Every structure is written in structure tokens, then in C-alpha cells.
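Take a look at the structure below.
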Amino acid sequence: MSFLRFYDGAKPGKKGKLTDDKKKEKAKEYESRRVERSFQSKWKNERDWLEYDEETKTMFCTCCRANSQFRSVSVKGNTFVEGSCNFRHSAIVDHEKSTPHEKALRMSKTTPLTPSELKTTEAGNALKMLQAAERNKLCYLFRNVHAIAKNNRPISDYKWLCELDIAKQIEIGSTYINDHAAVNFIHHIAKVELSHTEKQCKAVPFLSFLMDGTTDISGSEQETLYLRYSKTGNVTERFLNTSSPKSTTSADLYDHVIDVLKQTNIDKGNLKLTPALKDKTKFVFLLIFI
Ligand SMILES: [Zn+2]
């Protein structure tokens, strides 16, 4: 009895070609039999850098993650920083042999200097000087971008302003001389300013705000909000926000103010609206007491 099977057109020594339908059928069968891959705890043996996150169902490298903040360790394409769901042993081995991982591993093996070492050793002094130099560079760049924002100048001014600094032989490096970095710096300045405003609002017994609008060059209405409060007898006004309301009807302006306040950490729990403010249609004059 023979178990050999033949199909039409079969030639000795040649593999039969599968039709498209057959290929699909085979792929479907493989998928249905395929066991779902998962993280194997034995992979952690002799790999103290490998961790598994039950919540996100991903595995990650503690070394690469910890050192990803330093520009010297590449994050691009390193799935073990964010978390990988490619549960293959070969993926871990590949990561283990990768240059960024080896670098991160070397960096994590170095012990940080103690505060006394930082003060007394040569390495500590060198490190302090390096940090101070980096800080000075960033101070110049932040000053430039702050001047641009404050004087309502276009972001394109940032590059030539920095080039002027270089011509004056001011050490500012070359990494952050681009529009993207300028926008990022402005974003951080605004964040810090807003947190100062929020902090001050917590320390005053009451505050009010001013709002006025105008149309920008594209014809969109822009409302600017300032907070006004008195602390130890000194009246202070601080900028809060500029953005577009849906329209300039009293009801939309009302919603706009509430939306803006919701985006901040100003305590809305103590927000008391005067009877006139509870009626959106009479939203003409505002006073908020905290
Ligand atoms: Zn790694």
C-alpha cells in the first residue's frame, strides 16, 4: 500500500505550485493553530535589565529606559524603551547585542558621585563645570526666545538672533538653533509662568479677571484673559490665556471663560458666580470670588 499522492501535471523532482486559494487556506490554518506568544519569565535569567509590565503587557529594558533621557543613548527604533510586545527570544537577543543597549548598560554601571565627592574631587569639579556650561548655554537660548515672544516677533527671528550670539563669540552650541527648539522653549516658559499664576491664585482671598477680544489677521476672534488680584495691598494683573471662543455671543463667551479656567489648576471648587453670571444671556460683567 502506498501513501504517495499525485496531482495533475506533477513532475519528478519538482515542487508543485500552490494556487492562491490554497495559499490562503494554508495561511488561515497556520493562524488558527498558532499559539499566542507571551512573555516567558525564564528570559529574565541572567538579564536583570529585562522587566515585564503586567498592565501594558509589554516587556522593556530598565537600563535603556533609565538612560533614555541622555542624548548619548539612542531612543529611535529602540522598542525596549517604550515597551515591546514582540515576544520572541530572538528580539531580546537582538536588543541585548545592540549598540544603544550596550552603551546604556555601561552607563548604568558607573556609580554617581556622592555630594562630598562632587565638592572635593577633580571629577566632581569637572562635572560641575560641565553642568554650569550647559546651563549657561541654555540661559542664552531661553533669553533669546523669551525676547521674541515678549516683543511679538516671528519665530524665524530666533535663528539669526542666535547666529548673532555666535558672531559675538557667546558659547551657545549648535543643537538648539532651530524653530522646533524655539517653540519648545516658549512652551516651557509658558508652562512655568502659568504654574506661578496658579500658585499666586491659591494665596489670595479673591480674584477677578479682565477679558477683551479682537480679530486676528485671519479674521478669527481672539479673547485675552487677565487675572487681577490684590495681595498685601498691591494690585497685580497676570496674563492667563489668549484663545478663540465659538462666537462673541454672551453664552459662548461664558462657556469660553469656564473652559479656559478648567484647563488650569485654579481651584474651581471655590468658584462662586454672582446671580447675573449664572444667566449666560446676561454675561456682560464678570467677577469671580475664590
Ligand atoms: Zn537595553
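The values are calculated or read from the model by the stated rules, or taken from the named source; none is laboratory data. Given the structure is predicted, the values throughout are model-derived calculations rather than measurements. Every residue, glycine as well, gets a Cβ built from its backbone with ideal geometry; the counts of neighbours run over all protein chains shown.
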Tell me which residues, restricted to region 32-42, are part of a helix (DSSP H, G or I) and closer than 23 Å to His101 by Cβ. Ser41, Lys42
If Ala182 meets every condition in (1) closer than 30 Å to Glu163 by Cβ; (2) modelled with pLDDT under 85 apart from one, which number is that one? (2)
Residue match in region 189-201 (condition: farther than 22 Å from Glu223 by Cα, surrounded by 11 or more Cβ atoms within 10 Å (Cβ to Cβ), at pLDDT 85 or above and away from the ligand (no atom under 16 Å from the Cβ)): yes
State the number of residues belonging to region 43-69 that are within 14 Å of the ligand (Cβ to nearest atom), among the basic types (Lys, Arg) and outside any helix (DSSP H, G or I). 1
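Let's see how each residue does on (1) at pLDDT 90 or above; (2) touching a His at 6+ places or on another chain (Cβ under 7 Å); (3) within 11 Å of the ligand (Cβ to nearest atom); (4) not in a helix (DSSP H, G or I):
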site	(1), (2), (3), (4)
Ala27	no, no, no, no
Tyr30	no, no, no, no
Val81	no, no, yes, no
Ser90	yes, no, no, no
Val93	yes, no, no, no
Subset of region 100-125 that is without any contact (Cβ under 8 Å) to a residue 24 or more places away in the chain and closer than 11 Å to Cys64 by Cα - its residue that is nearest to the ligand (Cβ to nearest atom): Glu102
What residue, among those in region 77-113 that are acidic (Asp, Glu) and closer than 16 Å to Thr62 by Cβ, is surrounded by the most Cβ atoms within 10 Å (Cβ to Cβ)? Glu96
Among the residues of region 139-150, is any more than 16 Å from the ligand (Cβ to nearest atom) and in contact with a Pro (Cβ under 8 Å, 6 or more places away or on another chain)? yes
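Kindly establish whether Ile186 is at negative phi and either over 24 Å from the mean Cα position of the chain (by Cα) or part of a loop (DSSP other than H, G, I, E, B) (or both).
In short, no.
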Considering only residues that are small (Gly, Ala, Ser) and at pLDDT 90 or above, look in region 150-179 and name the one that is surrounded by the fewest Cβ atoms within 10 Å (Cβ to Cβ). Ala167
Name the strands (runs of 3 or more DSSP E) wholly inside region 191-261 in which the number of residues that are in contact (Cβ under 8 Å) with a residue 40 or more places away in the chain is 1 or more. 207-215, 234-243
Sort through Pro100, Pro154 and tell me the only one that's part of a loop (DSSP other than H, G, I, E, B), out of contact with any strand residue (DSSP E or B) (no Cβ under 7 Å at 6 or more places or on another chain) and either of a type outside the set (Phe, Trp, Tyr) or closer than 30 Å to Phe239 by Cβ (or both). Pro154
